[in-house]
Amino acid sequence: MGSENIPMKLIYYPGCTLKNSARNFDVSTVSSMARLDVEVEELERWNCCGTVHALGAENVMNRVAPVTNLIRVKEAQSNEFMTSCAMCYNTLKRANNDVKKNPEKLSTINEFLNLETTKYEGDVDVLHLLEYVRDRVGFDKLAEKVKKPLKGLRVACYYGCLLVRPKEVAFDDVENPMIMENLVAALGATPVNFPLKTECCGAYHAVASPEIIADRTDKIMGSASEGDVDMVVVSCPMCAYNLDFRQDDAKRLNPDFKHLPVLYFTQLMALALDCGEEALGFELNHIDPIPALAARGLD
Amino acid sequence: MNTTMRLSSSVSRSFVAKIEKISGQKLLACYQCGKCSAGCPMAAYMDILPNQIIRMAQLGMQKQLLASRTIWTCVSCLTCNSRCPKNIHIAEVIESLRETALRNGQRDDRLKIWEISPEVRSDLPPIATISAMRKLTS
């Protein structure tokens, strides 16, 4: 843990979606970490994480993309790195666990990547931003750094699948994680009980079966609404898309559906740490969060 | 001790062996408690429930399994895996069925990305498109 004045350095893997439709997640991650004295350095030459972990027991091919990223981390003279995207985290962490457990698989991948000058030897750790803030920065220090406490803001924290399943990659309880609730509480907000917080949003059915997503969004956001919340926070750009951008479909399905803003947890951090308007990127959120924040005097 | 089930057809026997190999799961460990189906967020959109998938896989019911909607509905959220009291990875079994269907040599993909309108495609986050293609195409 770094002292107050020496910034901690941290290699950061943004992933494709944070450089595209979820730029608000990227910019709020980098600026809030700077306020926490963490110098975030984007990984050089990063490539696709693989997006989904192929479940076949003997699968090797789909581990190549994640392992290439782990090689890049070694080349950046580090033995760990952080990502804030839940999907990247899950895929990178699972591939890492798999090759650490199966040396013969790792040697096949290293042979396949024979043009790489660095070999991967299972010597890099994958961290998610939430666990980094909890374990390295500390929620007490985060609370001290808050300039605009989110007083009165009622927040439902949504984990979806990828932060908690399988349990080998979970950094909190699989059925009832509380890490995001503890984080928003440190920011001065009020976390609210949310029974469907680990229920799947429907993920990639967004592409070919949007009717499934409309139904999932109706049920999940409906569960959040029962807690009389101002917004839902997430850590996955896939969940964010389904729960935020598909609310109009949910409304068509259920006329009683109540629209709610969906924010990345880093956007709440950037707001509470007073990182400035550019660090929030609210223009990329589908449901505008500003009215909900204004109602609590937080705009 | 390995328990085996006597299946009369050799086609069924080799299908069971293939699914167990790809998924890395012992199908006969399942005692049909139904917890996987009870917690499945996609069950409402399936024609065959996850516990039924496991039973049919034990019996080598290749034709019915590969024709089911369920194998395309499961999104690997892993709720079933994390709640199974016998530690069977149901999602891995379903993925092995999906892979078997996709690798039948017919290139019978479940997602035809060119049929999705350019407006929808440009609206989708990259991870949605890439993960859908990884799961639903050969």
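Only the coordinates and a few stated rules stand behind these numbers; no lab work does. Everything numeric here is computed off the predicted structure, so don't read it as measured data. When we count neighbours, we look across all protein chains shown, and the Cβ atoms used for this are built from the backbone with ideal geometry, even at glycine.
Quick notes on this structure:
- Peptide-level mean, for A:163-176, of C-beta atoms on other protein chains within 10 Å: 2
- Cα gyration tensor shape for the range B:21-72, rounded if a/c is under 1.5, else prolate or oblate: oblate
- Count Lys and Arg as plus one, Asp and Glu as minus one, and take only other residues whose Cβ is under 14 Å from that of B:Pro125; the net charge is then +1.
- Reduced Cα scattering model of the range A:161-217, Debye log10 I(q)/I(0), q = 0.13, 0.16, 0.21 Å⁻¹: -0.45, -0.64, -0.89
- Take each residue of peptide B:115-128, count the partner chain Cβ atoms within 10 Å of its Cβ, and average: the result is 6.
- Between B:Asn87 and B:Asp47, full extension at 0.36 nm per residue minus the direct alpha carbon distance yields a gain of 12.0 nm.
- With pairing defined as another cysteine C-beta under 4.7 Å, the cysteines of chain B that fail it are B:Cys30, B:Cys33, B:Cys40, B:Cys74, B:Cys84.
- Summing +1 for each Lys or Arg and -1 for each Asp or Glu among the other residues whose beta-carbon sits under 14 angstrom from that of A:Gly56 gives +3.
- As a calculated quantity, the FRET efficiency between A:Asp288 and A:Glu44 at R0 = 30 Å, using C-beta atoms, amounts to about 0.25.
- A:Glu121-B:Leu66 FRET efficiency (beta carbon distance; Förster radius 41 Å; 0.05 resolution): 0.55
- For the range B:10-104, convex hull of alpha carbons as volume per residue, Å³: 81 Å³
- Computed about the Cα centre, the dipole magnitude for the range B:1-101 is approximately 240 debye when only Lys and Arg (+1) and Asp and Glu (-1) carry charge, each at its Cβ.
- Given charges at beta-carbon only (K, R positive; D, E negative), |dipole| of the protein assembly as shown in Debye: 1740 debye
- Shape category assigned to the range B:58-138 from the gyration tensor of Cα positions, a/c cut at 1.5: oblate
- Calculated Rg and Dmax of the protein assembly as shown using C-alpha coordinates, Å: 22.1, 73
- Whole-number percent relative contact order across chain A, with pairs defined as alpha carbons under 8 Å at least 6 apart: 19 percent
- Counting other Cβ atoms within 10 Å as a rough exposure proxy, the listed residues A:Phe112, A:Phe265, A:Phe171, B:Phe15 run A:Phe112, A:Phe171, B:Phe15, A:Phe265 from fewest neighbours to most.
- Relative contact order of chain B, taken over Cα pairs closer than 8 Å and 6 or more residues apart, is 24 percent.
- Cross-link reach list, lysines versus A:Lys251, counting only Cα pairs under 18 Å and skipping chain neighbours closer than eight places: A:Lys219
- For chain A, the mean residue ellipticity at 222 nm estimated from helices alone is -11000 deg cm²/dmol, where every DSSP H run of n ≥ 4 contributes -39500 (n - 2.57) and the total is divided by all residues, rounded to the nearest 500.
- Translational diffusion of the range A:146-295, µm² s⁻¹ [Kirkwood Rh, Cα pairs; Stokes-Einstein; 10 °C; 1.306 mPa s]: 103 µm²/s
- Highest mobility in the GNM of chain B, judged by mean-square fluctuation with C-alpha springs under 10 Å and restricted to B:Ile53, B:Ile113, B:Ile94, is found for B:Ile113.
- Efficiency of FRET between B:Arg55 and A:Glu80 - r from beta-carbon atoms, R0 51 angstrom, step 0.05: 0.70
- Projected label distance in nm at A:Glu58 and B:Asn104, using a 7 Å step from Cα toward the beta-carbon: 2.2 nm
- Principal-axis tilt of helix A:103-112 within chain A, Cα atoms, nearest 10 degrees: 80 degrees
- Residue with peak Gaussian network fluctuation, chain B [Cα springs, cutoff 10 Å], from B:Ala57, B:Ala38, B:Ala101: B:Ala38
- The mean sequence distance of close C-alpha pairs (under 8 Å, at least 6 residues apart), as a share of the length of the range A:106-186, puts its relative contact order at 28 percent.
- Taken along the Cα-to-beta-carbon direction at a fixed 7 Å, the label points for B:Trp114 and A:Leu253 span 3.1 nm.
- Arranged from fewest to most other beta-carbon atoms within 10 Å of their beta carbon, A:Glu199, A:Glu116, A:Glu111 become A:Glu111, A:Glu116, A:Glu199.
- Chain B: angle of helix B:90-102 to the longest principal axis, Cα-based, in degrees nearest 10: 60 degrees
- A straight chain from A:Glu144 to A:Glu104 at 0.36 nm per residue would run longer than the Cα-Cα distance by 9.7 nm.
- Of all the options A:Glu144, A:Glu41, A:Glu58, the one that moves most in a Gaussian network model of chain A with Cα springs shorter than 10 angstrom is A:Glu58.
- With a simple spin-label model that places each label point 7 Å from the Cα along the Cα-to-Cβ direction, the separation between B:Ser122 and A:Glu175 comes to 4.7 nm.
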